[in-house]
Amino acid sequence: MLKRSVTGSLARVLFAIVLLSVLSGSLALLTLSASLNDAEAINIAGSLRMQSYRIALNASTETSGINEDILRYRETLEAPALRAIDKGYVPFSVRERYHELLHSWQSLQPALQTGNTLPYRQNVALYVDQIDRFVLALQRWAELKMKLVAATSLLGFVTITLLVFWTLRSVRRQVVVPLQTLVTASEQIERAHFRHVPLDTALQNELGVLARTFTRMSGELEKHYHLLEETVREKTRDLRQANRRLSLLYRCSETLGSHPDITHSLPLVLQQILQYEDLSCISLNAPPLGEITAGMPDRAMPWHSQPLSPATGNAIELRWQAKKSKSRLMQGLAPLLSRSLQLAQAQQKVQHLMLMEERATIARELHDSLAQSLAWLRIQIARLKRVVREDNAPARAIVSEMDQALNEANRQLRELLTTFRLSVEPGELVAALHQVINPLREQTRAVITLTGEPASRQLEPQKQIHVLQIVREALLNAIRHAEASEIIVRCGMGKGGDNRIEISDNGCGIPPLHSPEGHYGLSIMQQRARGLNGRLDITPSPGGGTSILLQFPAAWE
């Protein structure tokens with residue numbers, strides 16, 4: 001609250017100085033104006049002594065001019081300059097002396113006028129002494145007025161000097177020093193030093209209000225400055241994190257682009273994320289590929305999840321364990337993984353179509369060439385049977401052997417054509433196994449059962465064809481040669497996460513494990529297993545029958 005305004009204080013001080021000047025000057029002028037008749041009064045009072053002695057002289061000589069002297073003396077005694085003394089502001093001693101003088105004259109004047117001059121001549125000395133005292137009183141009164149003028153002027157000068165000194169001191173303390181402090185504080189704030197010199201906030205004037213306002217403003221400015229600095233630091237930190245995330249996503253994109261096989265690139269990407277981020281474990285749950293994990297799960301840490309784009313066609317989810325959510329990074333990684341999976345699926349479909357087209361082409365070529373040749377040979381064998389005589393047993397035996405060999409060649413060609421014409425839609429391995437098993441159920445009375453889940457739900461087209469051909473060949477052997485009533489296809493996971501597919505039956509078993517002459521099914525199955533970088537074990541079952549076990553690495557190894 002403003003109690004003492006600087007302008008008001010300065011105005012009051014200047015008014016006081018002017019007032020003191022006017023008062024002292026006026027008092028001096030009044031005193032001087034009152035002293036204008038002092039010299040005349042002293043001169044007139046001094047002339048009364050001479051006139052008194054003249055009257056005394058004339059009285060002693062008995063001259064005739066005494067009456068004129070008495071009249072002149074009376075006029076002098078009652079002169080206006082002396083009558084002006086009888087005022088209230090004149091000191092009492094001066095007025096008393098004048099009244100004594102008048103009273104003495106009034107007592108002496110009657111005797112003089114009657115001619116009795118003796119009393120006057122006897123008291124003239126005393127009367128003159130009264131005149132001297134009166135003159136002395138007038139002199140001292142005049143001196144007193146001069147002293148009063150000097151004292152008034154001196155007092156006014158001293159008072160004005162002290163007031164000016166006090167004003168300058170107050171102005172310095174309440175205006176100059178606070179202004180200098182404000183200038184210093186403003187220069188410090190200009191250099192971002194908000195802990196400026198302390199301001200005098202106790203002043204009850206405009207500068208005190210300015211100091212309090214400046215202090216509050218500097219405090220608020222400091223808060224906003226620190227808030228701005230913190231915001232800049234946060235934005236810088238966010239930009240660095242965003243740059244780091246972009247760099248990591250770029251490396252992940254390079255990794256996905258440099259490896260044509262997504263089953264090899266995805267573990268590398270997850271390992272990069274785990275290496276460069278503060279994660280305990282990261283896992284990608286892609287139903288076609290299974291669960292790909294990097295790191296070791298920590299039970300104490302929570303799991304966070306980020307679903308991938310539904311355009312992949314499966315419920316694919318990215319999960320990770322971390323102290324912080326890392327949602328922004330994962331939100332940027334999810335579309336990258338989604339596009340990679342979509343691209344991999346598209347490539348897989350293309351490869352599958354190319355493979356199917358190539359196999360169909362081979363099947364057409366076999367049908368148009370070898371099948372036609374075999375059909376022509378069957379016709380020639382039939383013609384040969386008709387022309388061979390019944391009694392020519394050796395010739396008919398040779399023709400019969402040729403007919404059997406031709407039938408076996410036709411059967412093998414049909415199976416080969418069936419194999420090349422096998423059409424399996426791209427998708428999960430279990431669905432592909434069902435597509436292979438369902439047509440074979442119609443060729444046998446045996447119960448064919450598919451159980452379990454393979455470690456790899458999805459394989460490359462070429463690998464998937466190898467697996468399906470091995471399973472189909474094993475099922476055909478069990479159907480044709482084992483005379484089994486039950487065939488079970490078991491899928492599972494072996495040691496180290498390998499794929500494990502076992503085909504077992506309860507048939508008559510298998511002879512020694514070598515391919516008979518002219519039959520290459522088992523050898524081809526072994527070659528296909530080696531193409532899968534796996535192994536094929538054919539063993540008799542303890543309770544009868546045969547067990548064929550196929551083991552090959554998981555798709556992401």
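All of the numbers you see were taken from the coordinates with simple rules; none came from a lab. Computed from a prediction, not measured in an experiment: that's the story for all the values here. Cβ atoms come from the backbone with ideal geometry, glycine included; neighbour counts cover every protein chain shown.
Quick look at the values:
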| item | result |
| --- | --- |
| Binned Cα-Cα distances of the range 171-223, short to long, each 5 Å bin given as a whole percent | 5, 23, 32, 23, 12, 4, 0 |
| Proximal charge balance of GLU229 [Cβ under 13 Å; K/R count +1, D/E count -1] | +1 |
| Neighbourhood net charge (13 Å Cβ-Cβ; Lys/Arg +1, Asp/Glu -1) for LEU384 | +4 |
| Rounded FRET efficiency, nearest 0.05, which uses the C-beta distance separating GLN526 from GLN188 and R0 of 60 Å | 0.10 |
| 5 angstrom amide H check on LEU450, placed H, neighbours 5+ away | VAL489 |
| Sorted peptide list for 125-132, 11-18, criterion being average Cβ within 10 angstrom, highest first | 125-132, 11-18 |
| GLU220-SER5 pseudo-label distance in nm [points 7 Å out on the Cα-to-Cβ vector] | 2.5 |
| Within straight-line cross-link reach of LYS145, lysines at Cα separation under 24 Å, skipping those fewer than 8 residues along the same chain | LYS87 |
| The range 6-185 - Debye-derived log10 I(q)/I(0), Cα point model, q = 0.08, 0.10, 0.12, 0.15 Å⁻¹ | -0.45, -0.57, -0.69, -0.88 |
| LYS145 paired with LEU126, simple spin-label distance in nm, labels 7 Å along Cα-to-beta-carbon | 3.2 |
